[in-house]
Amino acid sequence: MQLITVAGPPSSGKTSVILKTLAHLRDDGHKAGVVKFDCLSSQDALQFEAAGWPVITGVSSNFCPDHYFISNIEDCAAWGRRQGLDILVSESAGLCNRCAPHIRGHLAICVLDNLSGVDTPMKVGPMLRTADIVVITKGDIVSQAEREVFAYRVRQANGKARILFVNGITGQGSWEISRAWAGAPADAPLTGGKARFSMPGAVCSYCFGETRIGEEYQHGTVRKIRIPDPPTADPAPDVLTHGRPNDQ
């Protein structure tokens, strides 16, 4: 079974891209399924079910989405094998830019929204920088120049990834993604494998439910912002003599 991880910021079009791509794979006779990871709640499973795809949903709640994903992906893969799937697509939650939901040896997709701003690719961390394919959505709403600038910024962040533009409404461009998914590696081990990048790390008192503010309540891994020292006081003004400043 081929495992494909799809990640991206919130509302970037991940679900639409997956649905349009899976439709092509169905036409080719592939049996696919989806596992949707989210933070608080998710209605995306309804869309996959309506399209006829097997789907399970995992909600991380107050747990880090990356840690939740990596702790559960083995069980999800086992579910996919029991379903007899050829391809299992893991859709991440709408993640913060530091998250890293990609696994070595398995095809990694990052979905970005062309409307998010030309500086967005430089703000996105491992989920973009370690991806094999970067899918850019909503490019039909902006000009050709804006598309090219955005793609250039993506290449600056990840020069090895293949960049594809996809219209999540019409599905234009999704056939090319389906070709890549159909050829994704299927023999990479999951158990004993490694994530492509380390997870965000934080083991502090707030991780365990602390809500009070103050240094006396902050324990464990704590990182403080660097605040520069205030500038030195301005030199004393010249003393006035007969209504005029002293000549220096």
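Here each label is just a point 7 Å from Cα along the line to Cβ, and for residue 205 and residue 172 those points are 5.6 nm apart.
For the stretch 36-82 versus the stretch 159-174, the spacing of their alpha-carbon centroids is 23 Å.
Kirkwood hydrodynamic radius of the stretch 2-182, from the reciprocal of the average inverse Cα-Cα distance over all distinct pairs: 16.2 Å. Taken over the stretch 1-102, the ratio of Cα radius of gyration to 2.2 N^0.38 Å equals 1.00. Within the listed set 60, 205, 11, the Gaussian network model of the chain (springs between alpha-carbon atoms below 10 Å) gives the highest mean-square fluctuation for 205. Across the chain, the mean sequence separation of Cα contacts (distance under 8 Å, 6 or more residues apart), normalised by length, yields a relative contact order of 23 percent. Here 227, 56 are placed in order of increasing Cβ neighbour count within 10 Å, fewest first, which gives 227, 56.
Working from label points 7 Å from Cα in the Cα-to-Cβ sense, the residue 141 to residue 75 distance is 3.7 nm.
Read-outs throughout are calculated quantities, based only on the coordinates presented, and are distinct from any laboratory measurement. All of these numbers come straight from a predicted model, not from anything done at the bench. Note that each Cβ is placed from the backbone with ideal geometry, even for glycine, and that neighbours are counted across all protein chains shown.
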